Amino acid sequence: MKYVSTRGQAPWVFSAEAIKNGLAPDAGLYMPEKLVVLSEKDKKALLKMNYIERAAYVMSMYLSDFTKEELNSCCAQAYGSGFDPEPARVVPLDRRTSILELFNGPTCAFKDMALQVMPRLLTRSLEKTGEKRRILILTATSGDTGKAALEGYRDVPGVYISVYYPTYGVSEMQKRQMEIQQGDNVNVSAIYGNFDDAQTAVKEIFADKTFAEKLNRDGWVLSSANSINWGRLLPQIVYYISAWCDLVNKGITTANDTFSVTVPTGNFGNILAAFMAKKMGIPINKLVCASNSNNVLTDFFNTGIYDKNRAFYKTSSPSMDILVSSNLERLLYLCRDSGFCADCMRQLSDRGAYSVGSGVLSELRQDFAAYFCAEKDCREKISETFSKHDYLVDPHTAVALFCADRYAEENPGEKMLVVSTASAYKFPGAVYDSIVGESTQTSEDFGAASYEKAELLSKLSGVPVPLPLRDLFRREIRFSNIIDPEDIRLDILKFTGSRK
Ligand SMILES: *Cc1c(COP(=O)(O)O)cnc(C)c1O
């Protein structure tokens, strides 16, 4: 299978190259030249498989330059033992709603679903492309990607990773998870600014040819672990297909009945994977795009205008505090072509906004609905879900549940799969305060005080704190520096220079 750029100005490549490079040379994103459609035979086979088998099966349809044995082994290593209880569990909540739990991996966020397998794909991609240079993974994170990437890439031979996160833009638990990161090939720096500042700075470095040449002379090549990388997106398609199998096997839906999916959305990677699963033949009706107060996507799906010129809000669901959703570019490409996509992206870069026009908008609204959830509604949803269903949700998942309700008001009776993206214990202050009613504003617990909330929450709910979060505040801090976004290049050179 060939991979092409969403902006149409780069040569096609095989998947190993797409995974190694991350971004295409014309600054576009790689997409498979066509989407595979699952046959009835494929579906029958998938229904009988376990998660590891489903992952290898689906990924082999797109990674034609990998052997079946390679993919079997990558998936077995990635999804075998690091997930407790299992990689993508479907939990029925009420007659209408089921939860897709994606947070049972080693860092307690859904990013593990892709980042446990992507490093293994990258290592093989390096062999396939004959790459001799060392790889430097450069990642901007709104909290969960950074930790999941650090954990996925730690001590992978020939690969180094440097992570940048907004110092006031992540939860205390997320911050501590990164500060204590182990591994000889890792670097972490906080930056002054919000996630968009971090992401913009990192994107600029990827586009900086002079800097790339300098690194190249020293024997390094840059790559990305952000969801712009095809190696991130593909493993995410798997869990939607797997969730459908589980819904059918549990008798919640039948093989041909449609259901809808609500996804708490930031960079648009997760929901795009759901869209691709739909295009591959999974009977999904609507994709409900759930946002927090940073509701640029809600406006986009309701007006056809994407406009990032607006206030930025810091919320209790920081992984969705995003004004530029990078993967939307792939949707624009899929619904028209690279010319249309490149034109929108040029306008976004020139004036921070673009309009897709009424034709494209009405097509998009066939597949998508969009709502947002205010902070107060999010707290109420956390509290209500616990009291009604005895089930703990984190703020991101609560945003999705609230938006799923809004959708149900207009579409009663439809089966809904709500995607849960983080363990409640990554945000123990916000969750605990919402449940006990001390929740007139976003909780600000610092350092170990945040962990005390986790213990209180565990006592209250009877749900144990997940193992990977249990000893966070007893571990030694390795990374505590804070830098300006303009100094990221320097920080990189310091890191690569120390690994000569
Ligand atoms: C990353 C993340 C999201 C947003 O996912 P996108 O693929 O960026 O849309 C939502 N919730 C949590 C907890 C996340 O870590």
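One line per residue, one yes/no per condition, for (1) of a type in the set (S, T, N, Q); (2) crowded, with 18+ Cβ neighbours inside 10 Å; (3) in contact (Cβ under 8 Å) with a residue 12 or more places away in the chain:
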{"site": "SER81", "(1), (2), (3)": "yes, no, no"}
{"site": "GLU86", "(1), (2), (3)": "no, no, yes"}
{"site": "ARG95", "(1), (2), (3)": "no, no, no"}
{"site": "LEU100", "(1), (2), (3)": "no, yes, yes"}
{"site": "MET113", "(1), (2), (3)": "no, yes, yes"}
Of all residues being buried (at least 24 other Cβ atoms within 10 Å of the Cβ) and hydrophobic (A, V, I, L, M, F, W, C) in the range 139-162, which is nearest to the ligand (Cβ to nearest atom)? Just the residue, please.
ALA148
Whether any residue in the range 326-338 is surrounded by 23 or more Cβ atoms within 10 Å (Cβ to Cβ), over 22 Å from LYS34 (Cβ atoms) and either of a type outside the set (Val, Ile, Thr) or at pLDDT 95 or above (or both) is what I want to check.
no
Could you list all residues from the range 205-257 that are among the hydroxyl-bearing types (Ser, Thr, Tyr) and surrounded by fewer than 14 Cβ atoms within 10 Å (Cβ to Cβ)?
THR210, THR254
Over the range 283-307, the set of residues surrounded by fewer than 23 Cβ atoms within 10 Å (Cβ to Cβ), touching a helix residue (DSSP H, G or I) at 6+ places or on another chain (Cβ under 6 Å) and outside any strand (DSSP E or B) is GLY304
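Could you please find all residues in the range 317-329 being under 11 Å from MET31 (Cβ atoms) and either within 10 Å of the ligand (Cβ to nearest atom) or of a type in the set (Phe, Trp, Tyr) (or both)?
Filtering the range 317-329 for residues under 11 Å from MET31 (Cβ atoms) gives 327, 329.
The one that is under 11 Å from MET31 (Cβ atoms) and either within 10 Å of the ligand (Cβ to nearest atom) or of a type in the set (Phe, Trp, Tyr) (or both): ASN327.
Every residue, every condition in (1) of a type in the set (D, E, K, R); (2) away from the ligand (no atom under 15 Å from the Cβ); (3) at pLDDT below 95; (4) more than 21 Å from the chain's Cα centre (by Cα), yes or no:
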position: SER293; (1), (2), (3), (4): no, no, no, no
position: CYS344; (1), (2), (3), (4): no, yes, no, yes
position: HIS389; (1), (2), (3), (4): no, yes, no, yes
position: ASP394; (1), (2), (3), (4): yes, no, no, no
Can you find, within the range 194-231, the residue that is farthest from VAL13 (Cα to Cα) among those that are within 15 Å of the ligand (Cβ to nearest atom) and hydroxyl-bearing (Ser, Thr, Tyr)?
SER227
Among (1) within 10 Å of the ligand (Cβ to nearest atom); (2) under 30 Å from GLY219 (Cβ atoms) - the single one LYS128 does not satisfy:
(1)
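Let's see how each residue does on (1) within 21 Å of the chain's Cα centre (by Cα); (2) touching a residue at least 40 places away in the same chain (Cβ under 8 Å):
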site: GLN366; (1), (2): no, no
site: GLU384; (1), (2): no, no
site: ALA400; (1), (2): yes, yes
site: GLY413; (1), (2): no, yes
site: TYR425; (1), (2): yes, yes
site: SER434; (1), (2): no, yes
Return yes or no: is LEU332 outside any loop (DSSP other than H, G, I, E, B), touching a residue at least 24 places away in the same chain (Cβ under 8 Å) and within 16 Å of the ligand (Cβ to nearest atom)?
yes
Filter the range 216-248 down to the residues that are more than 26 Å from the chain's Cα centre (by Cα) and part of a helix (DSSP H, G or I) and list them by number.
ASN216, ARG217
Over the range 436-460, the set of residues at pLDDT 90 or above and crowded, with 17+ Cβ neighbours inside 10 Å is LYS453, ALA454, LEU457, SER458
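Do we have any residue at all in the range 249-269 that's in a helix (DSSP H, G or I) and away from the ligand (no atom under 16 Å from the Cβ)? Steps first, answer last, please.
Within the range 249-269, the first condition is being in a helix (DSSP H, G or I), and the residues that meet it are 249, 269.
Keeping just the survivors that are away from the ligand (no atom under 16 Å from the Cβ) gives 249.
Yes, the range 249-269 has at least one match.
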Output for Cβ contacts, cut-off 6 Å, separation at least six or different chains, first residue free of Cβ contacts under 8 Å to residues at least 24 places away in the same chain in the range 118-140, second surrounded by 23 or more Cβ atoms within 10 Å (Cβ to Cβ), reads none
Of the conditions (1) closer than 18 Å to LEU122 by Cβ; (2) surrounded by fewer than 18 Cβ atoms within 10 Å (Cβ to Cβ); (3) under 24 Å from the mean Cα position of the chain (by Cα), THR67 satisfies every one except a single condition; which number is it?
(3)
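Tell me, which residue of the range 396-416 that is among the small types (Gly, Ala, Ser) and within 16 Å of the ligand (Cβ to nearest atom) is nearest to THR265 (Cα to Cα)?
Pass one, the range 396-416, residues among the small types (Gly, Ala, Ser): 398, 400, 404, 408, 413.
Of the ones still in play, those that are also within 16 Å of the ligand (Cβ to nearest atom) are 398, 400, 404.
Values: ALA398: 12, ALA400: 8, ALA404: 13 Å.
The extreme case among them is ALA400.
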When you check SER355 against the structure, is it closer than 26 Å to CYS373 by Cβ and within 15 Å of the ligand (Cβ to nearest atom), yes or no?
no
Which of the residues spanning the range 1-37 are crowded, with 18+ Cβ neighbours inside 10 Å, in a loop (DSSP other than H, G, I, E, B) and in contact with a Gly (Cβ under 6 Å, 6 or more places away or on another chain)?
THR6, ARG7
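The values are calculated or read from the model by the stated rules, or taken from the named source; none is laboratory data. Being a predicted model, the structure only gives us computed values, none of them experimental. Counting neighbours? That spans all protein chains shown, and the Cβs are built from the backbone with ideal geometry, glycine included.
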